[in-house]
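Data block below; observations after.
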Amino acid sequence: MKNNKKTIFGIVIIILIVLGILFLFSKNQDKPFNQKSFKGNNLVFNKTKINYLDTLIFAGLQELNIENTSILILPLNKNIEGDIELQAHIRQTEGGFIIWIAELNRIQNIEVISHELIHLQQYNNKDLILTEENKTLIYKDTKYEVGNLPSYDSRPWETEAFTKQEDLKTKIKNILY
């Protein structure tokens, strides 16, 4: 009788361990997005391996009420700026914007895209202007020489993007999940 109880107890323990492992792995998988269609006349071209980045951008543009914008998403070759490894960056071009982004997981992508879309909003509002010669950056009427920018953490446009990205990230998640 004692051997049967030990065997049953052992089997139950093994089942619980297997279920626990399955639970942990299922939590790490990306939950699918809700079906969502976006209105407006924004164009987003995703040239990365991460097929849902355009969906994140459409959701973010909707939340920021940005229209008439074209965005090209390209893979980022690992860039290091000072002590910081860039995960993404954005540039305004004559025809719209280009966002370069590293291969990240979905949670990181939502955060990084939110940050870059705040920069897009800064460009759209003319709070952030990169001169045609790419030598001067103007943020809210303060000029900065591109070759002599403050450290990344001290740039006021970055501070604003980090502050506002959390709200946008939450709104994008609410749309898509």
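A few remarks follow.
- For segment 63-73, a tally of residues being surrounded by fewer than 14 Cβ atoms within 10 Å (Cβ to Cβ) and in contact (Cβ under 8 Å) with a residue 24 or more places away in the chain returns 2.
- Residue list for segment 112-139, restricted to those being closer than 22 Å to Phe45 by Cβ and either touching an Asp or Glu at 6+ places or on another chain (Cβ under 6 Å) or not β-branched (Val, Ile, Thr) (or both): Ser114, His115, Glu116, Leu117, His119, Leu120, Gln121, Gln122, Tyr123, Asn124, Leu130
- Any hit, segment 155-164, residues being among the hydrophobic types (A, V, I, L, M, F, W, C), in contact with a helix residue (DSSP H, G or I) (Cβ under 9 Å, 6 or more places away or on another chain), surrounded by fewer than 16 Cβ atoms within 10 Å (Cβ to Cβ) and touching a residue at least 12 places away in the same chain (Cβ under 8 Å): yes
- Taking the listed residues Leu117, Leu104, the one that is at pLDDT below 95 and either buried (at least 17 other Cβ atoms within 10 Å of the Cβ) or assigned to a strand (DSSP E or B) (or both) is Leu104, with no other qualifying.
- Here Ile138 meets each of (1) out of contact with any strand residue (DSSP E or B) (no Cβ under 8 Å at 6 or more places or on another chain); (2) at pLDDT 95 or above; (3) surrounded by fewer than 18 Cβ atoms within 10 Å (Cβ to Cβ) with one exception, condition (1).
- Out of Asp54, Asp30, sole residue that is within 23 Å of Leu74 (Cα to Cα) and modelled with pLDDT under 80: Asp30
The values are calculated or read from the model by the stated rules, or taken from the named source; none is laboratory data. The structure presented is a predicted model; accordingly, all values stated were derived computationally and were not measured. All Cβ positions, glycine included, derive from the backbone under ideal geometry; neighbour counts span all protein chains shown.
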